[in-house]
Amino acid sequence: MQNDISILLVDDDIPMCEGLKDILVEDGYKITCVNTITSAKRELADKFYNVALVDLKLPDGTGVELAKEVKNINADTIVIVSTGFASTESCIAAMSDGAFSYLQKPLNIDELKITIKKALKMQELSLRNKELLNRLKELSLKDPLTGLYNYRYLSERLPAEFKRSKRYVLAISLIMLDIDYFKSINDIYGHQYGDIILGEIAQFLIDAIRGNDIVVRYGGEEFLIIMPDTDKDGAVTFGKRLLKKINEHIFDPEGKKIKIKASMGIAGHPDPGIYTESDLLNAVDKALLNAKEKGGNRLTVFNFVTVKETEEIIREGGEDNVGKLKDKMAKTEKRANQTLLETIYAFAKTIEAKDYYTSEHGENMVSIATEIGKKFNISHAELENLEHAAMLHDLGKVGIPDSILLKKEKLAEKEYEIIKKHTSIGAEILRGIHFLSGVVPIVLHHHERFDGSGYPGKLGGKDTPLSARIIAVADVYEALIADRPYRKACSKKEALKIIEEGSGTQFDPEVVKAFLEIMDRGDRESKQP
């Protein structure tokens, strides 16, 4: 609309300028008159003018000089020059410095109006093209799935932020976040559903960050948070709070109610060994890898080993060097083990989704089993085996046909005998994996009974490994409070009664006692204000 269009008239012939103003105002334009280059520059700096009609001869300079200034102040302003002293040289100079057109004085009003309309049409097309280009650039810097900035944006923004950090001696930190066992969501529910959850995670992160932080989808289920003006300690405080929120948050609350865990790495500048944005990115990547190697669902901070420290290690020689090498080899092995474990967990969750109709059975099993294990003061290694067994105890059901596994009616005797084979199948799958050797007897014997009537070995009393006796209680309790193909879930009260009644026959009485104490404590804590 023309009443939104502003035109600046720059001419020292004040009566002529006022006359032009009256004529152009009638056409709906907003007109401002000034008579010097200085006042014109002030106006152009204060507001946007669509058109500047500039006389070539002004008291404090030439219109050619002003045309140059206009393009520096706002390149979208259209310049039309006018003069009563036309020359080929002045015309060429004005046009080469960005003027749209050149008008001879005395001005022909019709020619002026046509020239203004042409200029405005060209400006409209130019602004529209610029808007489209900006939109295209923005789209090229955004991840289409999550709407977050992508790696291309990161490669532009991080160097700028790092440069600013160094120039003004400001801190900058990065948090790299990876969703643990995300492959299992894709395997169970499909990649399309996994994409929906990724979008939900992206929005969760956007809501969680501060105003000047930037979230980037780094790739796959990895995200990066750029934290300008934040030192490493501040990033750690924020990261711990974020990790807690992630663990507590329910994704897809109206549907499958997914709970996720995440690993985080943190690195910051200024810090030893970090001199460029590439150093910072490599450092946070190493910190994340360290978190994954330690089992995930945790936050680790990058610590740089200086050249001086390395030289001291080399000088020490002997056993210390051997220890350092062993430590490095152990970390490499643990990294490979972690990758293998994630794959096995994904398979276990696939079976769990079929058999239990819940996405949290494994996680709940881990929580209950490890709490009981702590009651018995078992070692850290045994506790780790117990945690793995809680997730993998039913892995052997991968070998059981769905027609039996999902049957809604009571199983025939022959079918039940097939189901009982899942403990042996699971143990056989895990037997060849060295770092899970301690899990094998737990998986094999978690269906033994305290009275000796269980399977596969009919072991009685404490002949069954303690961890298997713990898994037996946790597994039955979780099964009781979940819907099954052949019955509805029991209430918590009913399930606890069944467990208590099975003490001494199906279950180890000491394990049942520890379990009931844990559940009672949980109830009391939940009732506290």
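For this structure, a couple of remarks:
- Extent of the range 151-304 along its three principal axes (Cα atoms, max minus min coordinate, largest first): 49, 29, 24 Å.
- nm² value of the averaged projected area, convex hull over the Cα atoms of the range 181-225: 3.1
- Legend: residue pairs K240/K294; K183/K492; K292/K420; K163/K244; K68/K117; K256/K294, Cα-Cα distance threshold 24 Å; pairs beyond threshold, K183/K492; K292/K420; K163/K244; K256/K294.
- Point-to-point label distance, Y275-T36, nm (Cα→Cβ direction, 7 Å offset): 5.3
- You can think of it this way: the chain between I250 and Q104 has 45.3 nm of extra reach, that is 0.36 nm per residue less the Cα-Cα gap.
- Gain in span if fully extended, I481 to E156, counting 0.36 nm per residue against the direct Cα distance: 111.8 nm
- Ordered by the number of other Cβ atoms lying within 10 Å of each residue's own Cβ, fewest first, T237, T115, T464 fall into the sequence T237, T115, T464.
- Taking a straight line from the alpha carbon of K493, these aspartates and glutamates sit under 12 Å away, with near neighbours fewer than eight places off in the same chain left out: D520, D523.
- Cα gyration tensor, the range 410-529 - rounded (a/c under 1.5), prolate or oblate: prolate
- Whether the range 106-196 is rounded, prolate or oblate, judged on the alpha carbon gyration tensor where a/c under 1.5 counts as rounded: oblate
- A Förster radius of 25 Å combined with the Cβ-Cβ distance from R164 to K130 puts the calculated FRET efficiency at roughly 0.45.
- Cross-link partners of K407 among aspartates and glutamates (Cα-Cα below 18 Å; sequence separation of 8 or more within a chain): E352, D355, D394, E415, E417, D483
- Cβ-to-Cβ counts within 10 Å put E248, E124 in ascending order as E248, E124, the fewest first.
- For the pair I498 and A208, a Förster radius of 45 Å applied to the C-beta separation gives a FRET efficiency near 0.65, rounded to the nearest 0.05.
Every read-out reported here was derived from the displayed coordinates using simple, explicitly stated rules and does not represent laboratory data. The shown structure was predicted, so the numbers you read here are calculated from the model rather than taken from an experiment. Using ideal geometry, Cβ is built from the backbone for each residue, glycine included, and neighbour counts are taken over all protein chains shown.
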